[in-house]
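Inspection log for the structure reproduced underneath, given as structure tokens.
Values quoted throughout were computed directly from the atomic coordinates according to the rules given, and no laboratory measurement underlies them. If you're wondering where the values come from, they're calculated on a predicted model, not measured in any experiment. Note that each Cβ is placed from the backbone with ideal geometry, even for glycine, and that neighbours are counted across all protein chains shown.
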Amino acid sequence: FEDVGRHVGEACHPDIPDLHDRVVAYLLENTTVGSFRRMREVAKDYSDRTDRVWLPATAFLRGLAEGAGLPFETIAVIAYSEEIASEFIPVPSKCSTLVVQTARGALIGHNEDYEPHYFGKMVLLDVTFDGCPRTVGLTYPGMLPNLAGSLNAQSIAITNNSLWPDAQPGLSKQVQHFRASLAVDLKEAVEHLAMPPVALTTHYTVAHGPVGEAVSLEVSNPATAEENVAFVTVGPEPFCHTNHALSLHLKEPDPAVVIANHSLARLAKLKA
């Protein structure tokens, strides 16, 4: 994991320092985090939790930092930037996903929207980590692999849509998603994505080619929702999801609906 991270860090070396500065400026301007020091403290908290559950993720990030010639703390701020932002404000509108069943299995369409400083900067990885299935996935410079969609050699495919509830103390979504992208079957992928306590309330679409099954998975935590997981098997009818909860019973009104209605509007477009 560290070796792959080093290779990626070397390849992305021209982008990562500039991206770090843009991420920091974005967080200072658009959140109430207040200071760079506080960002680093939050990133360290998530990194420490990661070390307790899955060290390969930290090994990748350390390799990434070495390859880019940057301190680990610099990479951690980028890697955990979504968690940092969600500690202080509702996250902005992000991705949309559509699943259509065909004679050859589930076809998943996904548009990957992220913060403006990432526009035009993506990393495509085709990699086999030791002991894991070969995986093709998209991510961003300075981040863990496969966060913007992936497909592995066991035919596990995953995409994710961010939801708006505030972050709670828990595990990094980025780490759980990366780990699940290396799973060998649907059950293992879902277990990694839903491992409590999750920090961010999130929606995942997970599909497994050999069994022809696609599922909608919304995960949360006891402080935010009545249940930790909402698991729905996608049937023969087309399925779509944007950035508000469809199945979880949230304890407070969904911020994506209260603050803005663009998630509802995009869902209506997909349904149409």
Q) Where in the chain lies the longest segment free of trypsin sites (Lys or Arg not before Pro) that are both loop residues by DSSP (not H, G, I, E, B) and have at most 12 other Cβ atoms within 10 Å? A) 105-250
Q | Cβ-based net charge around His208, under 11 Å, with every Lys or Arg adding one and every Asp or Glu removing one | A | -2
(Q) Could you work out the relative contact order of the stretch 31-124? I mean the mean sequence separation of Cα pairs under 8 Å and 6+ apart, divided by the number of residues, in percent. (A) 24
Q | For the stretch 32-75, alpha-carbon Rg relative to the globular expectation (2.2 N^0.38 Å, N residues) | A | 1.22
Q: For the chain, just run the numbers: alpha carbon Rg, then divide by 2.2 N^0.38 Å, N being how many residues it has.
A: 0.95
Q. P(r) for the stretch 52-161: what percent of alpha-carbon pairs falls in each 5 Å bin, starting at zero?
A. 2, 10, 16, 22, 20, 16, 8, 3, 1, 0
**Q.** Three semi-axes of the equivalent ellipsoid, the stretch 157-272, Cα gyration tensor, whole Å, largest first
**A.** 22, 19, 11
Q. For the chain, what relative contact order do you get, as a whole percent, if you take Cα pairs closer than 8 Å and at least 6 residues apart?
A. 17
Q) What nm distance separates the two modelled labels at Val257 and Lys44, each placed 7 Å from Cα along Cα→Cβ? A) 4.0
